[in-house]
Structure formats: C-alpha cells, structure tokens
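Below is one structure, written out as structure tokens; comments come after it.
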Amino acid sequence: MPSPYRAIFAAPGSKAFSAAGLLGRMPLSMVGVGILTMISEITGRYAMASALTGTLALAAAVIGPQVSRLVDQYGQRRVLRPATLIAVASVSGLLLAAANGLPDWTLFVFAAIAGCVPSVGAMVRARWTVIYRDSARDLHTAYSFESVVDEVCFIFGPILAIGLSTTWFPEAGPLIAAVCLLVGVWLLTAQRDTEPEPHPRGEHTDRTSALRSPGLQVLAGTFVATGAIFGSIDVATLAFAGEQGHKSSASFILAIWALGSCLAGIVFGLLHLKGRTELRWVLGVCAMAVSMIPLLLAGNLPILAVALFVSGLAIAPTMITTMALIEAHVPRAKLTEGMTWISTGLAVGVAIGSSVTGLVIDAAGARSGYVVSLSAGAAAAAVAFAGYRRLTRPAQGEEPSSDGGHTDEDDSGDSREERSGRVA
C-alpha cells in the first residue's frame, strides 16, 4: 500500500474500525441485487422484484438520515445496534415471507421497515474526521481510502449475492448480507475509543436538519441525479447482457465499472491538487455526464465493459471531493447526518433511475436504457452548475466541521485552527 495510506493507519484503532466498516458495508451492494435475484428465482416476477428493491431504497432514503441524526445526538453505539437489529429482523421477515409464498403486501411491509439500515460508510468517515480534523492532507487520504472500500464492496458484493442466490438457495444472497451487517455493526460499535463524541440537543442547540445548509442541498440534489445514473446503468446492463445471451455476465461487467472507480480513487488519494474544491467537484460531475455517451454506442459486451470502465474513473474522485465539501458546509454536530443525506440522494436516484429505465427498456430495448443514464448525467451537471455559487459561499449558522475547505492549497498539514483563525 502506498505510504500515504500507511500513514493514516498509524492512528490507534483505525485498522479495526475500517475493517469492521468494510464488513458492515457489504450489504450496501448485496441486499438490493440479492432481493432482486431472490424474487426472480422464486417467482420469475421481475416487476415485483424491482418494486421491492425500490421500496427498500426509498425507505432507506427516508429513515436513514433520521437514524444518523440520532447518532449525532446520542452516539453510534446507542443508536446503531437497535437500528441494525430492526433492519436484520425485517430482512429476515422478508426472506421468510418470500420463501413461504405469503401475500405480496407482507414483502413490501418488511422491505419498508428494513429501510432503517444504518449508513455504515458515514459512521466510518465520521471517525476518520475526528482523528484527522486538523490535517487536511491525511483526511483527504482517509476519504479516498473509504471511497475505494465502497468500490470494493460494489465489485464483489453483487457477484457474491447473485452467486449465492443462484447456486445455493434463493434467499442466500440477502441472508448473508444481513449477517455481514449485523457482525460489522457490532464490531464497529464495540470500538469505543474512536467513536465520535455525541452532541446532545440542548436548550440552546440548533435542532434543525443538516439539510438546511444551502451547500448540502446542492450536493444532495446533484446526487439524486447521480443515483439515477447508477440505477439506470444497473438495469440497462442487466437487460443488455440478457439480449446478448449472457445475462450472467452482467455482474462481472458492473464489477469492471466499479473497478475503474476503485483504481481512480486509489490514485486520487495520492494526489494533493491545488485550486478550488468546488470547481473540481463540478468538473467531476460533468465528467460523469460526458462518460455516459460511449455507453449508447456499445454494440457488444466487451465494448460495453471498456466504456463502463472509463466511466467509472470519474466516480470515486467526485465522491471524495463531495465528502470534503460536506465537511465544509455542515456543522460538526450534524456531520454524520450530512454524510447520510448524500446516501439518501443516491438511494432516491437509484430508485427513480431503475424504475424509469425499466419502462424505457420495455418500450424500446436494452440499449435505449442508457439514454436514461445520459439524461441523468446531464441533469446532475445542470444542478451542479446551478448550485456552484452556493457551494462557494461560507457556511451559515453553526460552525462547520472544517474551515471552509474552498481550496486544497492548505493540504500542507498545518492545523485548521491556524488557517481559519478560530478554534475548531
């Protein structure tokens, strides 16, 4: 591992909570595709399977930020453990209902309750933020590493979930995902030394949501469109591979997409670029949008795999920059909630993108599904451009988590207190 990555793990407890976070994050990429595969294997009803995964995504979008808001207030251990138990119990109920042929409405009830699954990635990033609050360089490397971990989950998670459900038994994929969530969260919350200090809501504390931040509104809005890119590509690639007679290849092609993002994230973590973070973020969103064009031109699976690999190169750097901007625009007492709103935007976008793409594919064929991807990319770029000025304005209200983060010229490692002229 390159030396900057070795350096961040010199902090006590960092290896342990990062490893627990990896395990707890695997369900992020396993549950949805696992449920999709399970229902299609049991009933052959793809519309039903898509509706269930969409319900789960939307429920997570609604409940997830509230769980993270409670985490900021009461601490990770007190909130994550009961929330995880509820989520795991709900997924278990969903599996039992599907296996025993219970009425469809029971499946949707369990899927909706399972939306309280915590955002493990936000919890891990919050721990890194506490450790390296005064070192922008190390925090950039830590955020980069976590984005790489996200992509590793998306490389292996779908392959594992689909493989388990198709070769073992239909419920195996989501079942193993639930076990990973339970074990990962328990190991993470057992590490009290690195747990961020809670910020109880006192009489004089701002009780409003982190989403009141204009900068966070821009980021979350953009990532709704970004999520639509992800959701549309998943569905379109599955359908395209099916049309080509190699449906099982879809998971490997999507893994190549994630691999491109993973490699870009590793390299980006080694760089300490100068200039405005907001401008680099807008350029990253635009790069994602432009990279959708070659997907429309792919005539076979190998060309599609290459096009998706190139498209993936823009994802992790944009996500890493997004986390830096969240830290600049969200008060420290609401940081976990702020990070979760990005996941919420993605979840909503994935649900919208996958649903719309399914309708388009039914009407005009698999390749037309990538028109939705291109349209979503254009929408993301438009929102980013429209909100650029909001991102360049200083955060209002409570003190943000960082000193503003508008440039990376302060990546030298000097303390943020010295750069901002105030005590963090």
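Here are a few things to note about the model shown:
- Residue check, residue 243 within 26 Å of residue 137 (Cβ to Cβ), in contact with a Gly (Cβ under 9 Å, 6 or more places away or on another chain), at pLDDT 75 or above and of a type in the set (D, E, K, R): no
- Test: residue in region 333-341 that is closer than 29 Å to residue 75 by Cβ, in a helix (DSSP H, G or I), touching a residue at least 12 places away in the same chain (Cβ under 8 Å) and in contact with a Phe, Trp or Tyr (Cβ under 9 Å, 6 or more places away or on another chain): yes
- Here residue 389 fulfils each of the conditions (1) open to solvent by 10 Å² or more (accessible area, probe 1.4 Å); (2) modelled with pLDDT of 90 or more apart from (2).
- Restricting the first member to region 238-258 and to residues that are free of Cβ contacts under 8 Å to residues at least 60 places away in the same chain, and the second to residues that are part of a loop (DSSP other than H, G, I, E, B), the beta-carbon pairs closer than 8 Å and six or more apart or on different chains are 244/300.
- Any chance residue 16 is surrounded by fewer than 18 Cβ atoms within 10 Å (Cβ to Cβ) and farther than 17 Å from residue 116 by Cα: yes
- The residues of region 69-97 that are of a type in the set (Gly, Ala, Ser) and farther than 29 Å from residue 162 by Cβ amount to a single one, 75.
- Filter pass, residue 29 being in contact with a Cys (Cβ under 7 Å, 6 or more places away or on another chain), buried (at least 20 other Cβ atoms within 10 Å of the Cβ) and of a type outside the set (A, V, I, L, M, F, W, C): yes
- Count of region 149-204 residues which are at pLDDT below 85 and of a type in the set (S, T, N, Q): 3
- Selected residue (only one of 121, 101 is at positive phi and either of a type outside the set (A, V, I, L, M) or at pLDDT below 80 (or both)): 101
- Looking at 135, 92, just one residue is farther than 24 Å from residue 321 by Cβ, out of contact with any Pro (no Cβ under 6 Å at 6 or more places or on another chain) and either modelled with pLDDT under 90 or open to solvent by 30 Å² or more (accessible area, probe 1.4 Å) (or both), and that residue is 92.
Let's see how each residue does on (1) over 30 Å from residue 390 (Cβ atoms); (2) open to solvent by 10 Å² or more (accessible area, probe 1.4 Å); (3) assigned to a loop (DSSP other than H, G, I, E, B):
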{"site": "241", "(1), (2), (3)": "yes, no, no"}
{"site": "245", "(1), (2), (3)": "yes, yes, yes"}
{"site": "249", "(1), (2), (3)": "yes, yes, no"}
{"site": "252", "(1), (2), (3)": "yes, yes, no"}
{"site": "259", "(1), (2), (3)": "yes, yes, no"}
{"site": "265", "(1), (2), (3)": "no, no, no"}
{"site": "268", "(1), (2), (3)": "no, yes, no"}
{"site": "274", "(1), (2), (3)": "no, yes, yes"}
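- When residues of region 304-321 are limited to those that are open to solvent by less than 10 Å² (accessible area, probe 1.4 Å) and of a type in the set (A, V, I, L, M), the one modelled with the lowest pLDDT: 320
- Screening the candidates 130, 88 for the property of being over 16 Å from the mean Cα position of the chain (by Cα) and within 21 Å of residue 333 (Cα to Cα) yields one hit, 130.
- The single condition among (1) touching a residue at least 24 places away in the same chain (Cβ under 8 Å); (2) within 17 Å of residue 354 (Cα to Cα); (3) open to solvent by less than 40 Å² (accessible area, probe 1.4 Å) that residue 286 does not satisfy is (2).
Matching residues to (1) closer than 30 Å to residue 200 by Cα; (2) open to solvent by 20 Å² or more (accessible area, probe 1.4 Å):
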{"site": "292", "(1), (2)": "no, no"}
{"site": "295", "(1), (2)": "no, no"}
{"site": "302", "(1), (2)": "no, yes"}
{"site": "323", "(1), (2)": "yes, no"}
{"site": "329", "(1), (2)": "yes, no"}
{"site": "353", "(1), (2)": "no, no"}
{"site": "356", "(1), (2)": "no, yes"}
{"site": "359", "(1), (2)": "no, yes"}
{"site": "362", "(1), (2)": "no, yes"}
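- Residue 50 among the hydroxyl-bearing types (Ser, Thr, Tyr) and either outside any helix (DSSP H, G or I) or farther than 13 Å from residue 149 by Cβ (or both): yes
- The residue list 289, 333, 324 contains one member that is hydrophobic (A, V, I, L, M, F, W, C) and either closer than 21 Å to residue 375 by Cβ or at pLDDT 85 or above (or both), which is 289.
- Pair list, Cβ < 6 Å and 6+ apart or interchain, from region 67-95 residues that are within 15 Å of residue 184 (Cβ to Cβ) to residues that are open to solvent by less than 20 Å² (accessible area, probe 1.4 Å) and of a type in the set (Val, Ile, Thr): 76/189; 77/189; 80/185; 80/189; 81/189; 83/67; 84/185
- Test: residue in region 33-44 that is touching a residue at least 40 places away in the same chain (Cβ under 8 Å), closer than 12 Å to residue 118 by Cβ and open to solvent by 40 Å² or more (accessible area, probe 1.4 Å): no
- One residue stands out in region 176-198 among those that are more than 20 Å from the chain's Cα centre (by Cα) and open to solvent by 70 Å² or more (accessible area, probe 1.4 Å): the one that is farthest from residue 107 (Cα to Cα), namely 193.
The values are calculated or read from the model by the stated rules, or taken from the named source; none is laboratory data. None of the values given here were measured: they were computed from a predicted structure. Positions of Cβ are generated from backbone atoms using ideal geometry, with glycine treated the same way; all protein chains shown enter the neighbour counts. Just the protein is used for accessible areas: all its heavy atoms, side chains included, with ligands, DNA and RNA removed. Shrake-Rupley method; radii C 1.70, N 1.55, O 1.52, S 1.80 Å.
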